[in-house]
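Below is one structure, written out as structure tokens; comments come after it.
The values are calculated or read from the model by the stated rules, or taken from the named source; none is laboratory data. The model shown is predicted, which means the values in this text are computed figures rather than measured ones. Here the Cβ positions follow ideal geometry from the backbone for every residue, glycine too, while neighbour counts run over all protein chains shown.
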Amino acid sequence: MKKKLIATIVVAIFAVALAGSAMAEEINAYMGLSPENNATVVKFIKDKTGITVNQNFQSFGEIQAKVKAEAPNFNADIIVGCGSPLAFMAKKNGWAVPYVSISWKGAAEVFVDPQGYWYNFSNFSFVLVGNKDRLAKAGYSMPKSWKDLLDPKWKGEIVMPSPLSSGTANQMRFTFLALYGDDAGWKFLADLDKNIHHYTRSGNAPTDLVGRGEFMLGLTSDENVKKRLDDGYPLIWTVPQEGTGYDGTFAVILNGTKKLDTAKKIIDILGTPEFSALMAQIGYVTPRPAPNKLYGKTLPKYIKIDLGKAAEDSPKNNDIWKQKFRTEFK
Amino acid sequence: MATAELSVKLQASSGSKVKDFLNANMVNILAALLFLLLAFFLLYPIVAVLIKSLRGPSGFTLQYYQNFFSKNYYYQSLINTLLLGAINTVVCLVIGFCLAYMTTRGPWILRKPLKIISLVPLIAPPYLFALSLIILFGRNGLVTRALDLHWELYGFGGVVISQTLAFIPLAYMMIESTLMSLNPNLEESAYDLGATEATILRTITIPLLAPGLLKAALLIFVMTIAEFGNAAILGGRTPFLAPDTYTMITGESDFYMGSVLSVILIAPCILIFFIHNYLLEGKKFTTIGGKPVASEPRKITPLIKVPFVIITTVAAGAILICFAVVFAASFYKILGVTHNFVLSNYLDFTSNRAIYNSIRVSFVAAVIGAIIGVLLAYVIVRGQFFGRTFIEMISLSGFALPGTVLGIGYLLAFSAPPLKLTGGIMILALNCVFRFLAVGVEAGISKLHQIHIEIEEASADLGASFLTTFYKIVLPIMFPAFIAGFIYTFMTAIVSLSAVVFLVSPGFDLAAVIIFDKAVYGEIGIASATTMKLVLIVMICMLILNFISNKTKLGSSMKKSAAV
């Protein structure tokens, strides 16, 4: 009898475990913001619409890799936060479902695709961060120009993300190429490479590594800097005199979704002034102007870039990158 | 199969004949079904990886292999990986042996605490050691700052240290279980006859342990080179095959080069698997099989005692400190930067769903895995069909398959219709089932060897059908093997990262993957707290399991087969 009882219990648990929990309105999303910013956005959507967004953290590059690999059978219904290369690619390859949202009316053209294939719900940039304590101990001051990073005294003390896996680093690369031109740009990256300790997988990772004092300087995404400062990390940040680049965080409804209505509701909520205010509080530059927590009233100087061209050149530049920096083991 | 169906049709007129036929051929039918499962879920994904590595966008090509062997960056990763595997295996074996020797032969007072210290990290993800090492010995680590040291943790050395610490528990567990089942009478007689401790070790203990040591070595080597967490966190610019494969697949979507790296990673594993099988031919010692007996502590000569005590203390101390650091980190906002005590890491519930998923996946995998394991063991031992040894080899090959390769294989094989399994819970569970099948199969085989087929024949002669015999006689005997397979699959599935990291999707995230992401990302507090929650839940699960098996009076036999 006992054995039968146990067997029944095991079978019952097995069935429950396999079936999982069917709940209220749910949607599966690829989200490429930092984990805590993903969580903030998920909570906002839940509070405003009641929709539960299931997501797991991936960097822009990883989402791009995943969507490319899965096409045309996606395992998610929507992307909430990917870089321009993927958003443009999705429109071009028919991976995106067009939807013209009324709630986005009036937003500037950098934020909305006229045909509604993609929506850019905030821009982010990259900045230079330093560890106050380590810099003070070494007697160094924060570099004023990007060129200052080439000084041999920084050898092994700089970290930056890898453009092969991080959208932020892709942005850094096309920004430097736009700033210096192709030839001088690649020479700058090659010289910088001599001082880089290693390339991280995610665009935010240098903020933490520098914050904990493992390295003195980091080229990093600006999206977490404010949060890390508030957390108490001894960080100092700056935008060097030449300026910085920018890229959007895009939302795209993926073709084949069975939850189109839910996805549309999410697109709508992303266009509201309340959502812009939330993102600006984190430190993003938003479609609806709102006071920015990181930059304050004056936005940093931007280097002029063509996002479309940057997206198109990205695969070619990845090949050049591998040729240059992934042949020799140093 | 086809002939089976045909014969069934022909004899459909007579119900009893069908029954006879089924009774006579059930083993073969079962074997065919199991073989199909193995072929589909174990062989096919690996073949898919191999094909991907050889087929570029325009047909068959060796270009990617040429790339690998002509570029220093790539082939250096192979050299690094093999070197890491070799160093790790040797060091882990030595330390594992010393620990196991002390807990089975050493003074009573040390046995329990040492055992607990050596086993606890098993239920934590292996890359936690990388985290502790950064907090303590990183460039701005607590110890580094306190002593004003200048060393470089990031690189080959750091990876070796963290990886060794991570795999000591596994080495210990495997060696301890063989030491336990080794009848101490031989050693004691030698001692009574005046042999020194060193002589006993050299001429009795180690030779008798050889098969167990060899198997531990194989398993540690394979797991070390496939586990990429520590190398990804501490490697810096030093390339290793497993983390590079991971970056190439998930980060860069370069499936061709990723597959090449996988094939190259799998080659040494398969080679070692065959060497291991060859060396073990006819080397089964009969001392195994006796009831585990605790050995009385003997007087150990200082010549042996001193190095053993030093190694054990250092190893146990290092494990304890690393674990303590993770535990402490879970209560600080940022350990090593700001020192204020918080509980917010535990109150962060974003990871709860992932923990829940992990338990679901591990449970489903453990049930399916244990059932398939027992059935496989049965057909391997009792079946008399062509290809029996082949099936045995495939089902035991899980030991030698690096997780990354099977993860990528599943991604390649099951991501497009009509075989689309990705994006759900089932692909995660199935992956764990077939990766960890070997333990259940092996436990089942050794159980079945203990009973003679006569009992089953007697049952059949008395008129019982195949199913009745199986249910009434075979199953009760195999139950401990079932439990062993269940526990092993459950425990390893819940902390394993290397394969499932390729297969998680939104809504089906797993705790091990979340912890890794948080750790890489720098959220050490939350990563530590999530680990602690996971450890606690796994412990509760084990206690419940232990309780159930004790209730069904299977406690002692379960422990024995869990040690197989």
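Is there a residue being in a strand (DSSP E or B), modelled with pLDDT under 85 and assigned by TED's automatic domain parsing to the domain that holds A:Pro273 anywhere in the stretch A:57-79?
As a first pass, look at the stretch A:57-79 and keep what is in a strand (DSSP E or B): A:57, A:78-79.
After this cut, where a residue has to be modelled with pLDDT under 85 as well, the list is A:57.
Going one step further and asking which of them are assigned by TED's automatic domain parsing to the domain that holds A:Pro273, we end up with A:57.
Taking every residue of the stretch A:57-79 in turn, at least one turns out to be in a strand (DSSP E or B), modelled with pLDDT under 85 and assigned by TED's automatic domain parsing to the domain that holds A:Pro273.
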* Single unsatisfied condition, A:Gly139 versus (1) away from chain B (no Cβ under 14 Å); (2) under 21 Å from A:Gly211 (Cβ atoms); (3) crowded, with 18+ Cβ neighbours inside 10 Å -> (3)
* Please name all residue pairs, on different chains or six or more residues apart, with Cβ atoms under 6 Å, provided the first residue is in the stretch A:153-168 and is polar (S, T, N, Q) and the second residue is outside any helix (DSSP H, G or I) and modelled with pLDDT of 90 or more. => A:Ser162/A:Tyr199; A:Thr168/A:Phe126; A:Thr168/A:Pro161; A:Thr168/A:Ser221
* Look at the stretch A:179-226 and say how many of its residues are basic (Lys, Arg), more than 15 Å from the chain's Cα centre (by Cα) and within 11 Å of chain B (Cβ to nearest Cβ). => 1
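Would you check which residues across the stretch A:155-178 are touching a His at 6+ places or on another chain (Cβ under 8 Å) and either more than 14 Å from every other protein chain (Cβ to nearest Cβ) or of a type outside the set (Gly, Ala, Ser) (or both) and list them?
Taking the stretch A:155-178 as the starting set, the residues that turn out to be touching a His at 6+ places or on another chain (Cβ under 8 Å) are A:156-159.
Hits for the stretch A:155-178 are A:Glu157, A:Ile158, A:Val159.
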* Mind listing whichever residues of the stretch B:449-471 are in contact (Cβ under 8 Å) with a residue 12 or more places away in the chain and either part of a loop (DSSP other than H, G, I, E, B) or farther than 21 Å from B:Phe21 by Cβ (or both)? => B:His449, B:Gln450, B:Ile451, B:Ile453, B:Ile455, B:Ser465
* Structure fact -> Of B:Pro207, B:Pro211, B:Pro239, the only residue that is of a type outside the set (A, V, I, L, M, F, W, C) and within 14 Å of chain A (Cβ to nearest Cβ) is B:Pro239
* Structure fact -> Of (1) assigned to a helix (DSSP H, G or I); (2) within 11 Å of chain A (Cβ to nearest Cβ), B:Val504 fails just (1)
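Yes/no per residue for (1) of a type in the set (A, V, I, L, M, F, W, C); (2) at positive phi:
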residue: A:Asp193; (1), (2): no, no
residue: A:Asp208; (1), (2): no, no
residue: A:Gly213; (1), (2): no, yes
residue: A:Leu219; (1), (2): yes, no
residue: A:Asp222; (1), (2): no, no
* Provide a single number: the residues in the stretch A:23-50 that are more than 11 Å from chain B (Cβ to nearest Cβ), among the hydrophobic types (A, V, I, L, M, F, W, C) and crowded, with 20+ Cβ neighbours inside 10 Å. => 3
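If I filter the stretch B:491-510 for residues that are free of Cβ contacts under 8 Å to residues at least 60 places away in the same chain and either surrounded by fewer than 18 Cβ atoms within 10 Å (Cβ to Cβ) or in contact with an Asp or Glu (Cβ under 8 Å, 6 or more places away or on another chain) (or both), do I get at least one hit? Lay out the reasoning, then the answer.
Going through the stretch B:491-510, the residues free of Cβ contacts under 8 Å to residues at least 60 places away in the same chain turn out to be B:506-507.
Now drop any that are not either surrounded by fewer than 18 Cβ atoms within 10 Å (Cβ to Cβ) or in contact with an Asp or Glu (Cβ under 8 Å, 6 or more places away or on another chain) (or both), which leaves B:507.
Checked the stretch B:491-510: at least one residue is free of Cβ contacts under 8 Å to residues at least 60 places away in the same chain and either surrounded by fewer than 18 Cβ atoms within 10 Å (Cβ to Cβ) or in contact with an Asp or Glu (Cβ under 8 Å, 6 or more places away or on another chain) (or both).
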* Evaluation of A:Gly81 against (1) touching a residue at least 60 places away in the same chain (Cβ under 8 Å); (2) on the phi < 0 side of the Ramachandran plot (one fails), failing number -> (2)
* Would you confirm whether any residue within the stretch B:406-416 is within 24 Å of B:Thr247 (Cα to Cα), touching a residue at least 60 places away in the same chain (Cβ under 8 Å), away from chain A (no Cβ under 14 Å) and hydroxyl-bearing (Ser, Thr, Tyr)? => no
* Asked: Does the stretch A:272-284 contain at least one residue that is in contact (Cβ under 8 Å) with a residue 24 or more places away in the chain, of a type in the set (D, E, K, R) and part of a helix (DSSP H, G or I)?
  -> yes
* **Among (1) assigned to a helix (DSSP H, G or I); (2) out of contact with any Ser or Thr (no Cβ under 6 Å at 6 or more places or on another chain), the one test that A:Ile267 misses** => (2)
